[in-house]
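Working notes, structure below.
The values are calculated or read from the model by the stated rules, or taken from the named source; none is laboratory data. The structure displayed is predicted, hence computed values, not measured ones. Virtual Cβ from ideal backbone geometry, glycine too; neighbours counted across all protein chains shown.
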Amino acid sequence: MQTKSDEKALKKHIKDQSVEAVFLAESTGQFTSVDRLIAAHEKALPETLSKLSHSSDVATRRRVVSNPNTPTEDFIRLGQQFSKEFLSNPLLDMLLLEDPRLLEELPEPLLISILKRPSCPEDFLAWASKLDSEKVQLAVVMNPTLSKKIKRGSYYDSGNTQLLFGKK
């Protein structure tokens, strides 16, 4: 049986910069507080982060989506729950460099969640404002930082041209 002193010792060791990735992997699942530290650790292996991405602890999953070592599949899946962390993770920039079409392939709930965030980049809003999805268009409109330039140039056209942003 694990004790509080075991937990404290593990946490101390994990905070040590010389800790090995293998030790991090072996330490998962013992204490929630330890899992949270591992999920945020720069040396955590993708396999370890993938395992932690299924944690029942919300704070652990939030830290996993913030970690640049997170596997793409887990990153996108968790991004639907934690769009703020998804947007701020440098992994997103790397993935977009590797595959510029990634944005087009994101699940619609994730795309909508991102578009509603004040931190959503203006170029992303501009791109999304031209997509053929009313839900996506509405998410763009709901962004509190939406510029007038995007508002003037955006509309939803479903054959019946329903204008959301003004005149075409």
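Within segment 112-141, the set of residues being among the basic types (Lys, Arg) and either in a helix (DSSP H, G or I) or in the same structural domain as Gly79 (by TED's automatic domain parsing) (or both) comprises Lys135 only. Considering each residue of segment 92-101 in turn, at least one proves to be assigned by TED's automatic domain parsing to the domain that holds Glu20, surrounded by 14 or more Cβ atoms within 10 Å (Cβ to Cβ) and under 15 Å from the mean Cα position of the chain (by Cα). Residues that are in contact with a helix residue (DSSP H, G or I) (Cβ under 7 Å, 6 or more places away or on another chain) and β-branched (Val, Ile, Thr) were ranked within segment 49-75; the one that is farthest from Ser33 (Cα to Cα) is Thr72. Consider segment 102-141 and keep the residues that are basic (Lys, Arg) and modelled with pLDDT of 90 or more. The one that is surrounded by the fewest Cβ atoms within 10 Å (Cβ to Cβ) is Lys135.
Within segment 13-59, the residues that satisfy the criterion of being surrounded by 11 or more Cβ atoms within 10 Å (Cβ to Cβ) and of a type in the set (Lys, Arg) are Arg36, Lys43, Lys51.
Residues in segment 1-19 that are assigned to a helix (DSSP H, G or I) and either closer than 15 Å to Lys43 by Cα or not aliphatic (A, V, I, L, M) (or both): Lys4, Ser5, Asp6, Glu7, Lys8, Lys11, Lys12, His13, Ile14, Lys15.
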